[in-house]
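Working notes, structure below.
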Amino acid sequence: MLIDSHCHLDMFDDSIRDDIVKNANTSGVKYMLNACAAKKTFDKIIEISNNYSCVFGAIGQHPEEAEREGMVSKDELLSYISKGKKIIAIGETGLDYSGENFNRDLQIENLLNHIEIASQTGVPLIIHNRDSNDDMTDILSSQFKKKPFKAIIHCFTADKKMADAMLELGFYISASGIITFKNATDLREVFSTIPFDRLLVETDSPYLAPVPFRGKTNEPAFVVEIAKKLAEITQKSFEEISEITSGNFKRLFDLDIK
């Protein structure tokens with residue numbers, strides 16, 4: 001059994017979503033976590049999690065969406081997290097400094113709001129980090145010292161220094177299709193050092209399709225290729241990596257699923 005710990009099923013057209021979920025199940029991907037990016041999709045996230053027994057949901061706001069939509073309030077976050085019976089995570093949220101005119105102060109405030117809710121509720125946080133390693137490490141470390149919370153660093157692409165800092169906080173680190181890319185040698189080296197009890201796999205679909213599907217629309221079924229590459233990197237079998245990452249997911253979210 002495999003679990004795609006981060007996908008965006010809400011971004012697929014309604015007419016093909018059934019087929020996307022069936023493809024995943026047929027490929028051995030038994031469960032999926034549908035991460036959220038924008039407050040305009042909160043209701044859709046809950047609807048999808050209710051419609052599919054194999055899909056869980058998250059509620060949160062991506063930093064770039066916070067700039068486009070305006071920040072979601074803490075009260076609204078709390079309301080939607082409690083509204084969905086299968087909402088098990090907060091996010092994705094975080095920092096993204098890849099654009100030319102990003103609003104650093106707004107992004108940080110948005111992230112702090114999500115951290116506060118995670119600390120308050122005990123619901124794990126899904127962290128997006130792009131070109132913001134120093135700020136992200138400082139913020140997560142300082143906030144964790146004030147009040148601990150659980151988190152996943154999703155689609156991890158940073159260096160070993162940041163990986164070690166996140167592991168020190170007890171966070172989980174998720175491998176995406178990027179680990180299969182030809183030029184990702186350094187990233188594969190980082191993943192060879194991640195403790196097995198902190199590893200997760202994800203597609204981030206419909207983005208970042210792994211080899212041999214690069215250039216195509218990504219989907220949860222393709223997490224199989226990511227698990228295969230992670231098995232190669234860590235010198236484990238595919239079956240072992242499947243069991244390890246699925247067990248980590250179930251433990252993090254305290255799920256009794258088989």
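Could you compute the net charge surrounding I46? Neighbours are other residues with a C-beta less than 14 Å from the C-beta of I46; K and R count +1, D and E count -1.
+2
Counting Lys and Arg as +1 and Asp and Glu as -1, what is the net charge of the other residues whose Cβ lies under 11 Å from the Cβ of K160?
Taking every Cβ under 11 Å from that of K160, the sum is -3.
Using DSSP to call loops (not H, G, I, E or B), can you name the trypsin sites (Lys or Arg not before Pro) in segment 149-206 whose Cβ has at most 14 other Cβ atoms within 10 angstrom?
Counting only loop positions with at most 14 other Cβ atoms within 10 Å, the trypsin sites (Lys or Arg not before Pro) in segment 149-206 are K182.
Springs between alpha-carbon pairs under 10 angstrom, Gaussian network model over the chain: which of D164, D131, D19 fluctuates most?
Looking only at D164, D131, D19, the biggest GNM fluctuation is shown by D19.
Please state, rounded to one decimal and in Å, the Kirkwood hydrodynamic radius that segment 2-252 gives when every pair of distinct Cα atoms enters the mean of 1/r.
Computed over Cα pairs of segment 2-252, the Kirkwood hydrodynamic radius comes out at 17.9 Å.
Would you give the gap between the C-alpha center of segment 59-121 and the C-alpha center of segment 145-204, rounded to a whole Å?
20
About the Cα centre, and with charges only on the beta carbon of Lys, Arg (+1) and Asp, Glu (-1), how big is the dipole of the chain? Nearest 20 debye, please.
660
Run the numbers for N25 and S141: contour at 0.36 nm per residue of separation, minus the present Cα-Cα distance, in nm.
Length gained between N25 and S141: 38.0 nm.
Among residues other than K182 whose Cβ falls under 15 Å from its Cβ, what is the net charge (Lys/Arg +1, Asp/Glu -1)?
-1
Calculated from DSSP H runs of 4 or more alone, at -39500 (n - 2.57) each and per residue, what is the 222 nm mean residue ellipticity of the chain, nearest 500?
Result for the chain: -13500 deg cm²/dmol, rounded to the nearest 500.
If you put +1 on each Lys and Arg Cβ and -1 on each Asp and Glu Cβ, how big is the dipole of segment 181-258 around its Cα centre, in Debye rounded to 20?
Magnitude of the dipole: close to 200 debye.
Computed from the coordinates by the stated procedures, all read-outs in this text should not be read as laboratory data. Please read all numbers here as calculations on a predicted model, not as lab measurements. So basically every Cβ, Gly included, is an ideal-geometry build from the backbone, and we count neighbours across all protein chains shown.
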